[in-house]
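Engineer: Sharing a structure, written as structure tokens. Questions coming.
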Number of protein chains: 2
Amino acid sequence: MSSVSDQQGKPDAQPGDPQPRMKSGDRRELIVVAAAGVFGDFGYFGTTTDQVAKAAGVSQPYVSRMFGTKEQLFLEVLARSLRTLLSAFTAEIAAGTGPGLPARIGLAYVELLRDRGLLLSLMHAFVLGGDPAIGTAARAGFLEVYRLLRVDAGFSAGEARDFLANGMLINTMVGLRMSDEFETNDLANECLRTALPEKLDLVLNLGKEQRSDR
Amino acid sequence: MSSVSDQQGKPDAQPGDPQPRMKSGDRRELIVVAAAGVFGDFGYFGTTTDQVAKAAGVSQPYVSRMFGTKEQLFLEVLARSLRTLLSAFTAEIAAGTGPGLPARIGLAYVELLRDRGLLLSLMHAFVLGGDPAIGTAARAGFLEVYRLLRVDAGFSAGEARDFLANGMLINTMVGLRMSDEFETNDLANECLRTALPEKLDLVLNLGKEQRSDR
DNA sequence: ACATGTGGTTATCGAATGATTACCAAACCG
DNA sequence: CGGTTTGGTAATCATTCGATAACCACATGT
């Protein structure tokens, strides 16, 4: 055999264990992505830097040292989420601003649910508007999205409202893990189908993997 | 004069200081209301039992002993919020189920914003769907609201979705403290006006008092 | 008057958490 | 090779927080 520290050579190298040393920038991105997932599940106050560290496969002090503070880490997660969202919308706008644009942006939005924690982290930030640092960043981000819809995408005020309202409803139902009840509760079933006429399966499949353990 | 412990008789009795002993039930309700405000601001994990205690004017251990655990306290806050919401809607339904019902229920919803923390606590619960206890209660509550809209109020699936979507958007903007930007940011101004065609002043006035300090 | 239940408080404890320090080893570099 | 930068970890620390214990006092019935 040879599994625990051979006499010579590298000790076997378990699958993912012996990370061959990453560049700090890559590691940083990896941690931010992992953090988005955890923050999405437990919110800012509810997540531990240690949870993030474990999710990213590094030690807790490493997270602290790399980001300075948990708040800073959250702000970077927030910034990344907004960047991703805005560029996804911008891409749709660039692909043409015909009457089909609202529907396309809507689809692009739902696609973002694939990125675990992206929209949920946003949502957690949104309800923390009273926090000095997070609230400020969250408001600015929300307004930037609104600006993009109104100005760049050419939505009317009412269209922008309807779009955002649906988005918030989707976020809420994802945060609620409503998909857990999809097969057992008729109301939940209808509610999900009505809010997500397209790409429902996306949310349902998502509900099966997710589990950050705590 | 006579201000610090008189020789005889009760020592002056500062305005609110010498609470003349409350019945446990009343105190409990008082704490739950105070807790709703704090939970609304900081969320479940972000709130300490001590903040709640101070907001309610009691000692921290008293909160712990009365509710057993912070989670239990939050669940009672959640239950109270849902009770209030459902009975407000039920009252509108009882007042007549004509075509004006959706608008009336909408107004009733916005009125609930007066009860500091009620809708925000709900919102915080909604995005914590992954939590075993809170998530279960939150899902059940959300579905009960949906049931009421669909069955009792006679909304179509689409009407129910639109109503809830707008509700979630309003909650989000309140959580974001978007009203802080109302006078300084044109987009925020329009966004608020569009989402709250009626009762905008309610949200604006609300934004001025609120401050739970931390 | 006195026992007793009830509405509270102060003091304190143990666990969890975010951050800091000190240290280590792989990689790069002349 | 020998040094230095860089990507990490283990150990530890100071706080904070939720909960418990011990105690106190007002009210109330008798």
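Engineer: Scan segment A:152-163 and tell me whether some residue there is within 8 Å of another protein chain (Cβ to nearest Cβ) and open to solvent by 50 Å² or more (accessible area, probe 1.4 Å).
Structural biologist: Looking for residues that are within 8 Å of another protein chain (Cβ to nearest Cβ) and open to solvent by 50 Å² or more (accessible area, probe 1.4 Å), one finds at least one in segment A:152-163, hence yes.
Engineer: Can you name the condition, by its number, that residue A:116 falls short on among (1) farther than 27 Å from residue B:180 by Cβ; (2) away from DNA strand C (no atom under 16 Å from the Cβ); (3) in a helix (DSSP H, G or I)?
Structural biologist: (3)
Engineer: Related question: Within segment A:39-53, restricting attention to residues that are open to solvent by 10 Å² or more (accessible area, probe 1.4 Å) and within 10 Å of DNA strand D (Cβ to nearest atom), which residue is farthest from the other protein chains (Cβ to nearest Cβ)?
Structural biologist: Filtering first and then ranking leaves A:50.
Engineer: When the residues of segment B:164-200 are narrowed to those that are more than 7 Å from every other protein chain (Cβ to nearest Cβ) and assigned to a loop (DSSP other than H, G, I, E, B), which ends up surrounded by the most Cβ atoms within 10 Å (Cβ to Cβ)?
Structural biologist: B:196
Engineer: Every residue in segment A:84-106 that is over 16 Å from the mean Cα position of the chain (by Cα) and part of a helix (DSSP H, G or I), please.
Structural biologist: Correct list: A:90, A:91, A:92, A:93, A:94, A:101, A:102, A:103, A:104, A:105, A:106.
Engineer: Can you name the residue in segment A:33-77 that is among the β-branched types (Val, Ile, Thr), under 21 Å from residue A:112 (Cβ atoms) and assigned to a helix (DSSP H, G or I) and, of all such residues, is nearest to DNA strand C (Cβ to nearest atom)?
Structural biologist: Taking the candidates together, the pick is A:52.
Engineer: If you don't mind, another one. For segment A:119-129, how many residues are in a helix (DSSP H, G or I), among the small types (Gly, Ala, Ser) and more than 8 Å from the chain's Cα centre (by Cα)?
Structural biologist: Looking only at that region, the number is 1.
Engineer: Taking segment A:63-82, which residues are of a type in the set (Ser, Thr, Tyr) and open to solvent by less than 10 Å² (accessible area, probe 1.4 Å)?
Structural biologist: A:81
Engineer: Still on this structure: Being open to solvent by 30 Å² or more (accessible area, probe 1.4 Å), within 16 Å of DNA strand C (Cβ to nearest atom) and within 14 Å of another protein chain (Cβ to nearest Cβ): is that true of residue A:132 here?
Structural biologist: Yes; evaluated as a whole, the condition is true for this residue.
The values are calculated or read from the model by the stated rules, or taken from the named source; none is laboratory data. Note that the structure is predicted; figures quoted are calculated from it, not measured. Every residue, glycine as well, gets a Cβ built from its backbone with ideal geometry; the counts of neighbours run over all protein chains shown. Please note that ligands, DNA and RNA were not included when accessible areas were found on the heavy atoms of the full protein model with its side chains. Shrake-Rupley method; radii C 1.70, N 1.55, O 1.52, S 1.80 Å.
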